[in-house]
Each structure stands twice: as structure tokens, then as C-alpha cells.
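Worksheet for the structure shown next.
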Amino acid sequence: MKSWKIFILPMLFIFTIVYAQQIKSIDDFIKPVEGKRNRVSSYGKNGEYSDFIMIPVNQKAELLNLVNISGCVQRIWMTIATDDSMYLQHVKINMIFDGQLTVKSVPIGFFTGTGPWRVNDLTTPVLNVMRARPGNKDREGVGSGSFNIHWPMPFMSDVKMEIINSSQTEVMLFYHVDYIECTHVVPPLLFHADYQIKSPTLPGKQTLTLPRSQTFTVNNDSNYVFLFKEGYQGKYVGTVLCVESHPDRKGKWYEGDDMFVIDNEPWPPRLHGTGTEDYFGMAWGIHRPYQAFDHGVSHYERNITDHDRFYDGRFVLYRWHLNDPILFNKSIHASIEAGHANECAQHYESLAFWYGKKSD
């Protein structure tokens, strides 16, 4: 009876150490460990039971506004109540660090990794979502839930965060923003999140045809672009990709290769992948919801029409580069083929997470 303990307990100990080392790697994004802990929240300032703020239609509200302070935002928690069934797309976030707008009008569904269609449970080191009542996991609809953001966000002098209500109904917002104020901060790589959308993607022409009608991409001109930045140095640390694939549109979307061109290197790039499902840690397509430390499927919805192919539906995938950040000194062009050789005409949306500063 004791033999299983001899095997299992050491394995659990080893797993704990390995997982802790993975989590610790996030500190590499310049996360201060000493300083004064602070929080800004939506608690009822008059002692009333009203721990929220109301954001009118087409208005915005400040979550945080600090000046002449250095430190690091370490955690953001929020939950949203609204009658807008598309609030995950219509409620957006801005972030300004050290006077630079680094997060511009990013839909909250993408910023939290759940996507535009539904609040889904998600458990990762940097983003966590818990679906809650009244739209609990057993009910249809977009639902509500708690959103937890753990990306470290350092700043030297000032930080401002705003929530924008782009919907046609008012929004009730509950929130915490936890940060550390400190006096010794190395000039940081600032937190960025770049949102893209293309609907539909356009089949590309930059391909080479081989015998037996095989094709492959000879450059990235027709790729779907996650991020393209010149004059910056930094680290690419994560991707959220949303695809809506319909059978009346061309293309098997999960066959597209990822490509990262670093510092204008010659073609082919050092980082050239073998398929969309491979980049996102899957294989042989996308077949179910799945969550892991650095990759997964947070939204999986099939049979949106009566004649779907096996790869049609709505999908949200994530890939974090926590242990394998993609470093660049002058520029980065992060992209993916929309299907093999860019054959797809489907709906793509994405968010690229990165840390960077203007290169000297």
C-alpha cells in the first residue's frame, strides 16, 4: 500500500518545483519585489453598498491615474454587468505608461483571453477567468464572470488606465488595480497589447507552385499579421487568436504556418512554424477546449451552420511565450498564414502581448 507513495510523492515534489520555475520566469519582465503595496478600487466611497462605477453609453472611466510615481501594476481584477450581449467586444481598455499609449481600444474579451462570444473559464499564469452567475456555465449566452490580469506592468513616472463603453447601454463595472510603488526601478520595457482584425482574410498570391500542384509561401507579404514594429527592442510574450470559420468560405484555417521575422533578418526566418494548430500547442486540428500553462483553447464552438466542415466553427486560442520569449533588438514582424499558403477567406482577430521600448 505504501509503494505508490514512494513513486507519487517525489513526482509531485518535482512537478511543484518545475511549475514554480515556470511561474517565476514571468519576473523576467522587470517586476519589482520591494516597495509599498497599493490598491485602487471601485469600493463605495460613502460607505454605501455600491462597490461599482457606472459608465454611460459612449463614455469612458478611469481605473487608475498615477503621476510622479514609479512602480509596477501587478494585478487587475474586474467584473462587468450590462444588458449588451456583445459587451466582450464593445467594452474596451486603454493603457498609458510613461506617456505612451501602449494598449489602445482593446476589447475586454481579447484582453482577458476569453474572446468575443462568451465568458469562458480560463486558468493560466497571466490571465484567469471564472464564469459566474447569472450566466453560469450551464446557461447559454455571453454570461458574466471575473477577469484577472496578472501581466506585470512596470512604469517609471506615470500610468493611466481607462475603460471605454462603446455599447448602446450603460455598463456597471467593479474593479481592483493592485500595484507596487517603489523608488528604484530600472528603465523598463513597457507592457503593450496590439489588437488586429481582418474579416475576411484574403487568399494570397505570394506562393510558389511545385509539381503535383503543391504550393508554399515564399514570403510573409500575404500573412495575417499579429504584430509589426520597427525601431523597438523588446520581448514578444503572447498571442490570442480568434477564428470564425464558415463552410461557405474558402480555406482550412488551422494549416497556416507561424513566422517571426526578427531584426529584418533574411528569408526564411529563424522562427518558421509548421501549422496554426502546432504554434498553439495542438496537433491534427482543434478538437476540444483545453488549457495548459502556455497554450490552449479558451473557446470551442462547433456546428454554427447545418453544413459545417470538421474545422468550421468559432475558436479562441492562446499561446504564451513565458519560458520562450521572442527577443528582438530593432524590429519584429510576427505573422501567420491564413491557411496553407494563405488560402483562407475567414474571420480573424488577434491580440499580441509584448514588452518593449524604442531602440537607441
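Considering only the range 251-270, state which residues are under 17 Å from Q233 (Cα atoms) and within 21 Å of the chain's Cα centre (by Cα).
F260, V261, I262
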Can you find a residue in the range 193-213 that is assigned by TED's automatic domain parsing to the domain that holds G296, at pLDDT 95 or above, within 18 Å of L327 (Cβ to Cβ) and surrounded by 20 or more Cβ atoms within 10 Å (Cβ to Cβ)?
-> no
Listed residues H287, H321; which is in the same structural domain as E255 (by TED's automatic domain parsing) and farther than 20 Å from V237 by Cβ?
-> H287
Please find, within the range 45-82, the residue that is modelled with the highest pLDDT out of those that are over 25 Å from D158 (Cα atoms) and exposed (fewer than 11 other Cβ atoms within 10 Å of the Cβ).
-> N58
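For the structure I just gave you, tell me whether K104 is modelled with pLDDT of 95 or more, out of contact with any Leu (no Cβ under 6 Å at 6 or more places or on another chain), among the charged types (D, E, K, R) and crowded, with 19+ Cβ neighbours inside 10 Å. Spell out the reasoning first.
Details: modelled with pLDDT of 95 or more: yes; out of contact with any Leu (no Cβ under 6 Å at 6 or more places or on another chain): yes; among the charged types (D, E, K, R): yes; crowded, with 19+ Cβ neighbours inside 10 Å: no.
Against the criterion (modelled with pLDDT of 95 or more, out of contact with any Leu (no Cβ under 6 Å at 6 or more places or on another chain), among the charged types (D, E, K, R) and crowded, with 19+ Cβ neighbours inside 10 Å), K104 does not qualify.
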Is it fair to say Y290 is among the hydroxyl-bearing types (S, T, Y) and buried (at least 18 other Cβ atoms within 10 Å of the Cβ)?
-> no
Those residues that are buried (at least 16 other Cβ atoms within 10 Å of the Cβ) and at pLDDT below 95, I need them from the range 157-179; list them, please.
-> S167
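Can you find, within the range 300-359, the residue that is farthest from the chain's Cα centre (by Cα) among those that are free of Cβ contacts under 8 Å to residues at least 40 places away in the same chain and part of a loop (DSSP other than H, G, I, E, B)?
D306
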Any chance you could count how many residues in the range 303-343 are polar (S, T, N, Q), out of contact with any Asp or Glu (no Cβ under 6 Å at 6 or more places or on another chain) and at pLDDT 95 or above?
-> 1
Do you know which of the residues in the range 220-276 that are buried (at least 22 other Cβ atoms within 10 Å of the Cβ), in contact with an Asp or Glu (Cβ under 8 Å, 6 or more places away or on another chain) and of a type in the set (S, T, N, Q) is farthest from K358 (Cα to Cα)?
-> S245
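The values are calculated or read from the model by the stated rules, or taken from the named source; none is laboratory data. Predicted model only: the values in this text are computed from it and were never measured. Here Cβ is always computed from backbone atoms with ideal geometry, including for glycine, and neighbour counts include all displayed protein chains.
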